[in-house]
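S.K.: Structure in structure tokens, see below.
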């Protein structure tokens with residue numbers, strides 16, 4: 001006797017009923033908390049590794065902490081007031097020969113460019129240039145507005161609670177007359193700040 005549609009349906013139902021039921025996975029509250037905890041630890045470790053890598057091998061650093069290019073037309077001439085660069089947190093000074101040493105001492109440099117970190121070594125206040133101020137025969141000084149630490153044009157400390165002279169940043173000179181200030185390369189300030197100046201002439205002056 002040929003198999004009918006009803007017979008086929010009954011056979012299929014029997015197969016389905018005979019198949020083992022899928023196991024039910026029950027997750028208790030303790031297991032869920034433990035899983036969440038370890039997931040959080042994993043995320044923190046991964047984030048920490050990323051931070052270390054970016055610190056040791058910085059990628060795409062812009063602004064303070066990285067190189068700042070200063071176009072030749074923004075470089076101050078010798079004798080001009082120091083020029084602040086907010087994005088790099090430095091003051092660019094063009095020293096005349098013999099300028100920037102402590103009063104009564106012989107300058108140790110032939111003049112040139114020096115990049116001074118604007119942060120006062122005392123408590124970190126931003127140090128402005130005071131061209132109108134005469135201090136012990138120095139016409140124009142850097143003067144901290146917080147505790148009055150005072151510095152020469154080369155950032156050499158002449159008075160105040162600051163423990164040292166203003167820190168300096170490395171400078172690279174380009175053939176175009178532009179310069180690059182390496183704001184991530186900072187050297188502690190000292191009485192030798194004037195000798196750190198980079199002799200500089202714009203291409204038009206050569």
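The values are calculated or read from the model by the stated rules, or taken from the named source; none is laboratory data. Everything quoted here is computed from the prediction, not taken from an experiment. Virtual Cβ from ideal backbone geometry, glycine too; neighbours counted across all protein chains shown.
S.K.: Quick check on residue 110: is it in the same structural domain as residue 199 (by TED's automatic domain parsing) and touching a residue at least 40 places away in the same chain (Cβ under 8 Å)?
M.R.: yes
S.K.: A further question follows. Just give me the residues in the range 77-116 being within 12 Å of residue 181 (Cβ to Cβ) and part of a loop (DSSP other than H, G, I, E, B), in sequence order.
M.R.: 87, 88, 89 - these are the residues of the range 77-116 that are within 12 Å of residue 181 (Cβ to Cβ) and part of a loop (DSSP other than H, G, I, E, B).
S.K.: Determine which member of the set 102, 138, 95, 173 is buried (at least 21 other Cβ atoms within 10 Å of the Cβ), under 20 Å from residue 197 (Cα atoms) and in contact (Cβ under 8 Å) with a residue 12 or more places away in the chain.
M.R.: 95
S.K.: Would you call residue 127 touching a strand residue (DSSP E or B) at 6+ places or on another chain (Cβ under 8 Å), surrounded by 15 or more Cβ atoms within 10 Å (Cβ to Cβ), free of Cβ contacts under 8 Å to residues at least 40 places away in the same chain and under 25 Å from residue 71 (Cα atoms)?
M.R.: Judged against the criteria, residue 127 is a match.
S.K.: Does residue 160 satisfy being modelled with pLDDT of 95 or more and touching a strand residue (DSSP E or B) at 6+ places or on another chain (Cβ under 6 Å)?
M.R.: Spelling it out, residue 160 is indeed modelled with pLDDT of 95 or more and touching a strand residue (DSSP E or B) at 6+ places or on another chain (Cβ under 6 Å).
S.K.: Something else now. Please determine whether any residue of the range 137-149 is within 24 Å of the chain's Cα centre (by Cα), within 16 Å of residue 85 (Cα to Cα) and in a loop (DSSP other than H, G, I, E, B).
M.R.: No, the range 137-149 has no match at all.
S.K.: Could you tell me whether residue 164 is over 20 Å from residue 81 (Cβ atoms) and part of a loop (DSSP other than H, G, I, E, B)?
M.R.: Considered against the rule, which asks whether it is over 20 Å from residue 81 (Cβ atoms) and part of a loop (DSSP other than H, G, I, E, B), residue 164 comes out as yes.
S.K.: Given the structure, is residue 154 outside any strand (DSSP E or B), at negative phi, in contact (Cβ under 8 Å) with a residue 12 or more places away in the chain and crowded, with 18+ Cβ neighbours inside 10 Å?
M.R.: So residue 154 passes the test.
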